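Engineer: If you scroll down you'll find the structure; I have some questions about it.
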Amino acid sequence: LKHGDLANRLITVGSAGRAKMISNYFDQSKETVTHTSSRGFVTYTGYYNDVRVSVVAIGMGISMMDFFVRESRAIIDGPIAMIRYGTCGGIATDAPHSKIALANKGSGYIIRNPDAFTQYYHSGSNTQSHQQNPYHVAQMCPADEELSTLLGKNIRGILGPDSVVEGSNVTADSFYCSQARIDDRFHDDNVGLINKIHQHYPDAKTMEMETFILFHLAKCCTLPIKAAAATIIVANRLDNSVIDEETIVRLEDQGGHAVLKTISEIKLE
Ligand code: R1P
Ligand code: URA
């Protein structure tokens with residue numbers, strides 16, 4: 001993409017299918033420009049209620065979000081608003097599957113500390129790596145308050161008053177070890193990690209893999225970026241209950257519509 005190809009109002013999602021679904025709500029009387037990159041980014045730029053918007057599917061993880069925020073900021077003039085609409089796992093009893101989690105209280109960040117695992121590098125080595133904490137837990141980064149409030153209002157307006165769980169999210173650098181999934185095939189030292197996450201972030205409701213980087217780069221950018229995030233809770237990690245496929249598709253579609261309405265309505269100054 002080059003200068004001018006992206007709108008100042010951006011939605012970012014993980015999957016190409018979700019991006020397409022949201023772009024189906026674009027004004028049909030106006031042109032939608034689509035671009036698929038060889039690195040797996042899929043972009044739709046068009047209009048919603050006569051306002052220019054872009055939806056970008058970026059795939060998974062913190063590096064892809066880093067590419068998205070920095071490279072879109074490089075080719076857009078003026079203020080930007082960005083909303084992530086993703087999926088996540090619920091890590092609190094009041095974050096059941098099939099609700100939409102609004103990260104209005106911000107996002108935490110948990111990453112594996114490789115130096116806590118160096119005793120596995122060489123057989124017979126006596127390094128004291130176990131003295132290190134196996135996971136680094138960063139300070140919470142806030143979301144944009146105005147954008148988050150509007151997003152919550154519009155999701156409730158389309159999906160109903162009880163559709164939203166508010167709180168904070170925790171972004172992890174892995175779907176597995178740093179989200180406390182136990183795998184005997186790897187040394188992960190992560191038993192009880194969800195409890196440690198709650199000690200650090202008492203109102204954490206969800207875990208996923210991109211939101212913190214979006215919020216952090218929005219705050220660290222020298223040019224204006226407003227950022228917010230909402231995610232479909234696809235499973236609850238405490239009781240192992242899982243959403244059904246039909247509900248995911250409905251929430252991607254209707255929640256995506258609410259996200260699109262929000263990005264078109266937010267004031268950019
Ligand atoms: C993992 O399955 C992926 O799903 C979540 C995570 O953040 C990660 O990207 O979000 P998306 O559905 O937006 O990809
Ligand atoms: N995405 C994640 O990163 N974690 C989950 O538990 C579900 C979706």
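Engineer: Considering the stretch 46-61 alone, what residues qualify as being open to solvent by less than 40 Å² (accessible area, probe 1.4 Å) and more than 17 Å from Arg9 (Cβ to Cβ)?
Structural biologist: The answer is Gly59, Gly61.
Engineer: Name the pairs whose Cβ atoms lie under 8 Å apart, with the first residue in the stretch 142-162 and acidic (Asp, Glu), the second loosely packed, with under 15 Cβ neighbours inside 10 Å, and 6 or more positions between them or separate chains?
Structural biologist: As it stands, the answer is Glu146/Lys267, since those pairs meet every condition given.
Engineer: In the stretch 45-88, what residues are on the phi < 0 side of the Ramachandran plot and among the small types (Gly, Ala, Ser)?
Structural biologist: Listed by number, the residues that qualify are Gly46, Ser54, Ala57, Ser63, Ser72, Ala74, Ala81, Gly86.
Engineer: Could you say whether any residue in the stretch 215-231 is aromatic (Phe, Trp, Tyr) and either farther than 23 Å from Asn133 by Cα or surrounded by 24 or more Cβ atoms within 10 Å (Cβ to Cβ) (or both)?
Structural biologist: Within the stretch 215-231 (the criterion being aromatic (Phe, Trp, Tyr) and either farther than 23 Å from Asn133 by Cα or surrounded by 24 or more Cβ atoms within 10 Å (Cβ to Cβ) (or both)), the answer is yes, since at least one residue qualifies.
Engineer: Going by the structure shown, is Asp115 open to solvent by 70 Å² or more (accessible area, probe 1.4 Å) and part of a helix (DSSP H, G or I)?
Structural biologist: Yes, satisfied.
Engineer: Just one of Ala103, Ala95 is more than 15 Å from the chain's Cα centre (by Cα), within 20 Å of Gln199 (Cβ to Cβ), buried (at least 20 other Cβ atoms within 10 Å of the Cβ) and modelled with pLDDT of 95 or more; which is it?
Structural biologist: Going through Ala103, Ala95 in turn, the sole match is Ala95.
Engineer: Can you name every residue in the stretch 1-42 that is aliphatic (A, V, I, L, M) and within 12 Å of Val53 (Cβ to Cβ)?
Structural biologist: Answer for the stretch 1-42, where residues must be aliphatic (A, V, I, L, M) and within 12 Å of Val53 (Cβ to Cβ): Leu6, Ala7, Leu10, Ile11, Ala19, Ile22, Val33.
Engineer: Tell me, which strands (runs of 3 or more DSSP E) lie completely within the stretch 146-264 with 1 or more residues that are away from ligand 1 (no atom under 16 Å from the Cβ), farther than 30 Å from Asp77 by Cβ and at pLDDT 95 or above?
Structural biologist: 164-166
Engineer: Since Phe67 meets every condition but one in (1) within 16 Å of ligand 1 (Cβ to nearest atom); (2) farther than 20 Å from Val234 by Cβ; (3) open to solvent by less than 10 Å² (accessible area, probe 1.4 Å), which condition does it not meet?
Structural biologist: (3)
Engineer: On to the next question. Are any of the residues in the stretch 87-102 without any contact (Cβ under 8 Å) to a residue 12 or more places away in the chain and over 14 Å from Val259 (Cα atoms)?
Structural biologist: Checked the stretch 87-102: no residue is without any contact (Cβ under 8 Å) to a residue 12 or more places away in the chain and over 14 Å from Val259 (Cα atoms).
Engineer: Now, a different point. From the list Phe175, Phe186, pick out the single residue that is open to solvent by 30 Å² or more (accessible area, probe 1.4 Å) and under 19 Å from Gly59 (Cα atoms).
Structural biologist: Criteria check complete, one pass: Phe175.
Engineer: A further question on this structure: Mind counting the residues in the stretch 20-54 that are within 16 Å of ligand 1 (Cβ to nearest atom) and touching a residue at least 60 places away in the same chain (Cβ under 8 Å)?
Structural biologist: Residues meeting the conditions: 2.
Engineer: Among (1) open to solvent by less than 10 Å² (accessible area, probe 1.4 Å); (2) more than 16 Å from ligand 2 (Cβ to nearest atom); (3) under 13 Å from the mean Cα position of the chain (by Cα), where does Tyr85 come up short?
Structural biologist: Result: Tyr85 fails condition (2) only.
Engineer: Another question, if that's okay. Scan the stretch 184-202 and report the pairs whose first residue is at positive phi and whose second residue is part of a loop (DSSP other than H, G, I, E, B) and modelled with pLDDT of 95 or more, with Cβ atoms within less than 7 Å and a gap of 6+ or a chain change.
Structural biologist: These pairs meet every condition: Asp189/Pro134.
Engineer: Now for a different question. Just to be sure, is Gly17 within 12 Å of ligand 1 (Cβ to nearest atom) and on the phi > 0 side of the Ramachandran plot?
Structural biologist: Spelling it out, it is not the case that Gly17 is within 12 Å of ligand 1 (Cβ to nearest atom) and on the phi > 0 side of the Ramachandran plot.
Engineer: While we're on this one: Give the residues of the stretch 213-239 that are of a type in the set (Val, Ile, Thr) and within 16 Å of ligand 2 (Cβ to nearest atom), sorted by residue number.
Structural biologist: Selection gives Ile213, Thr231, Ile232, Ile233, Val234.
Engineer: I need the full set of residues from the stretch 117-141 which are at pLDDT below 90 and of a type in the set (Gly, Ala, Ser), in order please.
Structural biologist: Ser123, Gly124, Ser125, Ser129
The values are calculated or read from the model by the stated rules, or taken from the named source; none is laboratory data. Just so you know, these numbers come straight off a predicted model, no measurement behind them. With ideal geometry, Cβ positions are generated from the backbone for all residues, glycine too; neighbour counts draw on all protein chains shown. Heavy atoms of the whole protein, side chains included, go into the accessibility calculation; ligands, DNA and RNA do not. Shrake-Rupley method; radii C 1.70, N 1.55, O 1.52, S 1.80 Å.
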